[in-house]
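Please read the structure below before turning to the comments.
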Amino acid sequence: MTGACAALVLWEAFPEHLAQLAGDRPAPDLTHLGETARSLPLRLTALGAVPPPVPRALAQALEARALVEGDPDRLDNLSLRRLCRHPRTALEASWVRALARAGRAPRRSWMEGLLVAYLDHWRSMPEPEALEEALWALVQRAASTRAWAQLLKDEIYPFLGPQAPEHGLSRLQPPLESLGWLLSHWPLSLQQGLGPALLTVALRRWCRDWLEAGAEAPDTLSCLQAGLELLARESALPPVSLASPLSQLILSEAATRRIEVRQALLSFALRHPQLGDPRHPGGLWSTMGAARTRMSAWMETEGMEGKPP
């Protein structure tokens, strides 16, 4: 964030505090102001969950748009906001393109609705390239006049396009913790849209980094436990995202040589609702071949009683 941009945003957020600094009144406690300044980039680039308008409200907005022949400059603010918040219209490349070319300045409420719809339906819409191009044009236009959009522009760019999972997570390390941050920063779903693709890439990179570190790395166990704890919290993970990396962990050299690694994997498997006891038929274990055999052998050796998947 540039100095001018930060000053503008701080003035908008805390006019009374800054007025005190500029005037004769006693100086305020700046602790809260400093904390806010540090958190501003995160607050300004966060995207909130955007509930779509009810069918009747959408129908009214569509009717209003038809009356002005799709011209955003002639449309009332309420109808415009509704059209930006419903996937039916928010995913129309022609509509987003019209917004990017409109004379009125883009508003944050537009951007949130459009970007959340895109992330939630990532590349499943008609003409994804055209929509991504229009979204980027709108973000750039907003960034020319809005401080929050300048920050959002840099953050959202890697997540537009077919390489979004790889490009987006390449700037965030470590992979799984970064994914957890994204899930709290933007309203991403792990069941649809960009979320599952990000999860698959994050799991693959986390697993690769852990395997490359080797069995004797001093933080092997702590890194494994941290990753497994995050995966345990996200109990609704798509099974296809979990099977491959978990198999690699079970079949790893570290799991072969270190009993504490085996115990961490055993505990995770028995607690996870999609796994359970690999000795029972069916379930996710049926796709994991040698990893299922090894996990079953560990349980037999430990005399463990599992639970069905």
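When the square roots of the Cα gyration tensor eigenvalues are ordered a ≥ b ≥ c, the ratio a/c for segment 141-279 is 1.5 or more and a/b exceeds b/c, which makes its shape prolate.
May I ask you to derive the FRET efficiency for Gln263 and Ser184 from their Cβ-Cβ distance with R0 = 35 Å, giving the value to the nearest 0.05?
0.70
Shown is the FRET efficiency for His167 and Glu300, computed with R0 = 41 Å from the Cβ-Cβ distance and rounded to the nearest 0.05: 0.40.
Where a number appears in this text, it was derived from the coordinates with a stated rule and is not lab data. Since we're looking at a predicted model, the values are computed, not measured. Every residue, glycine among them, receives a Cβ derived from its backbone with ideal geometry; neighbour counts consider all protein chains shown.
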